[in-house]
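Remarks on the structure that follows.
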Amino acid sequence: MAQLVWFRSDLRVHDNPALFTACQQAQQEGTDVIACFLRPLEQWQSHNWGQNRIRYTERCLLDLKEELEALHIPLICQDVATFAGQIPALLQLCQRLNCHQIFANEEPELNERQRDQQLIAQAEPAGIHCQLFHDQSLLPLGSVLKNDGTPYRVYTPFRKQAQQMIAQQPVQTFPAPAPVISDPQQSLQLKIDSLSLDQPDLVIFQPQNYSDDPIQQRWPATEKEAFHQLELFCGQPINRYKTQRDFPADAKGTSLLSPMLAAGKLSVKSCWQAAEQIRLSDPAAAESASTWQGELLWRDFYRHLLVLYPELSRNQPFKKETSNIQWRNAPDDLQRWQEGKTGFPLVDAAMRQLKETGWMHNRLRMLTAVFLSKYLLIDWHEGERWFMQHLVDADLASNNGGWQWAASTGTDAVPYFRLLSPYRQAERFDAQGEFIARFVPELAKLPAKQRIQPKGYVQGYPNPVADLKEGKERMMAAFKAVKSESSAS
Ligand SMILES: Cc1cc2nc3c(=O)[nH]c(=O)nc-3n(C[C@H](O)[C@H](O)[C@H](O)COP(=O)(O)OP(=O)(O)OC[C@H]3O[C@@H](n4cnc5c(N)ncnc54)[C@H](O)[C@@H]3O)c2cc1C
């Protein structure tokens, strides 16, 4: 007999409620624990995951395998193409390995939740009990509600309510489980090895070598490194977070933990606790630590929304009327945005940062998203997809939330008439053009002011793709048109 832990976006052994509970139960019952990961490559691709996110997940898996081995838990990795393929694969594994319980952590996305419901519906009649645990957010998904039981649509009251709930019931984490010591695990490993030899349909995927991938080289993917990075950030930079987080040239201005949070290499609760310790013990850093916690709550906010409003997982805007906006069909402008050749230095630097590193600073995600959806009036779905395809930290909830915020189609979105001027943003957050020079070498030799807003023709650098004033007027007209349509209907 064995307990089966199904890993998905929780690729860690610390603070993993499903793993911890399975191990506890195994200890009580004297059974084994087996872990599995069922790679749905086609599904990921249909969800617009690009190579950066996929490879990062595979690297996280390699580390998970090692961490689990130290706990005497074998990890079976299998290719299954789609979510639909995961359910029969799981049921077969249970049958072959004599497992009567599946443990997994909840995910907020619609397809994932529907799949879990289907699993439960098929597993229970077969005598297999499935347990799902609250994991991906600080507070259980969908639990932060107004007094009248309706969801918050605006972040600030959501944050206040969440903070109150956390104050009443502080965030708890689980330790890594103790190594499993039941039936000699060696025999379990042999059983699994023979499974893969005997069953031709059990395709174990072979992780590749990532040493020639410069983007992967940048992003640590082990649990030890994740904790180390969190510790380093909370050791000092967190003190400056409130003042520095908006300056993209400052490489230590933010934590850079997002890939680890997206893959679940690190839990959001571990992050919260680390910041909470600073907040309570260091008065000079308390406000800044609290600001960082506020960002973790933005992440929670978007996850709660995804669960409460399933249409968000179906590509629909939160504000219904905005689905009628007449976006421009402008493939050349879109391509210039994607390639970082808009002729607006900070936008271009940001887009090239994304291409070169698989990551983009938050201030610049806001700027580039507003630039595409407002100044160029190109459908925000194009930008959302491009980000998903290139970000190492690609995450439906935060990406969709961020894009809908920028395009003024979402909850708590920026009012449609409020824009982020690419020149003004550069003056405020990259005044010396330091960041621009790093990613747009054509401009590096110019004096700071010229880097931010080149005067006249610069060799090798494109002219602006749009006139900002005209772009703004075009966007205002498009938004006003749907506003008057919706008030007339
Ligand atoms: C258009 C747009 C698209 C985005 N797409 C993604 C995405 O695909 N994946 C992703 O993880 N984040 C996304 N974000 C949110 C944010 O930009 C990144 O989480 C952040 O830049 C990651 O850097 P960091 O880890 O150094 O963040 P820090 O500033 O150190 O913040 C700590 C953590 O808090 C969370 N966080 C911070 N800001 C936000 C925010 N505005 N919304 C939600 N969570 C936040 C992240 O998990 C982050 O790792 C997007 C934002 C915008 C405006």
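The values are calculated or read from the model by the stated rules, or taken from the named source; none is laboratory data. If you're wondering where the values come from, they're calculated on a predicted model, not measured in any experiment. All Cβ positions, even for glycine, are placed from backbone atoms using ideal geometry, and neighbour counts span all protein chains on display. Accessible surface areas use protein heavy atoms only, side chains included; no ligands, DNA or RNA. Shrake-Rupley method; radii C 1.70, N 1.55, O 1.52, S 1.80 Å.
Per-residue SASA remark: Trp403, around 10 Å² accessible (1.4 Å probe; ligands, DNA and RNA not included). Modelled this way, with points 7 Å down the Cα-to-C-beta line, the labels at Asn324 and Ala70 are 5.9 nm from one another. Extension gain, Asn209 to Thr82, is 43.3 nm, computed as 0.36 nm per intervening residue step minus the present C-alpha separation.
Put simply, the amide H of Leu391, placed in the peptide plane, has no neighbours under 5 Å, leaving out anything fewer than 5 places away on its chain.
Remark: relative contact order (the chain) = 17 percent; criterion is Cα-Cα distance under 8 angstrom and separation of 6 or more residues.
Note on the chain: with neighbouring protein chains present and a 1.4 Å probe, carbon and sulfur make up 51 percent of its accessible heavy-atom surface. With protein chains left intact and a 1.4 Å probe, residues in the chain average 44 Å² of accessible area per residue. Only helical runs count toward this figure. For the chain, summing -39,500 (n - 2.57) over DSSP H runs of n ≥ 4 and dividing by all residues gives -16500 deg cm²/dmol at 222 nm. Give the distance, in whole Å, between the Cα centre of region 38-70 and the Cα centre of region 347-389. Here the answer is 24 Å between Cα centres.
Using Cβ point charges alone (K and R +1, D and E -1), the dipole size of region 1-135 about the Cα centre works out to roughly 300 debye. For the chain, with the dipole built from +1 on Lys and Arg beta-carbon atoms and -1 on Asp and Glu ones, taken about the Cα centre, which of Leu139, Cys23, Met388 lies farthest toward the positive end? Positive-most Cα among the choices belongs to Met388. Computed from the C-beta positions of Ile54 and Tyr461, the FRET efficiency with R₀ = 41 Å rounds to 0.80. Of the peptides 441-449, 64-72, 455-463, 393-401, the order by per-residue mean of other Cβ atoms within 10 Å, starting with the highest, comes out as 393-401, 64-72, 441-449, 455-463.
Can you compute the label reach from Glu434? Point 7 Å from Cα along the Cβ direction, backbone N cut-off under 13 Å, restricted to region 243-269. Only 244-254 fall inside the zone, counting backbone N under 13 Å. Taking amide hydrogens as placed 1.01 Å from N in the peptide plane, the amide H of Val5 sits under 5 Å from those of Ile34, Ala35, Cys36, Phe103, each at least 5 positions away in sequence or on another chain. Each Lys and Arg contributes +1 and each Asp and Glu -1, all at the Cβ; summed about the Cα centre of the chain, the dipole is approximately 2120 debye.
If R0 equals 25 Å, the separation of the Cβ atoms of Gln168 and Glu231 corresponds to a calculated FRET efficiency of about 0.35.
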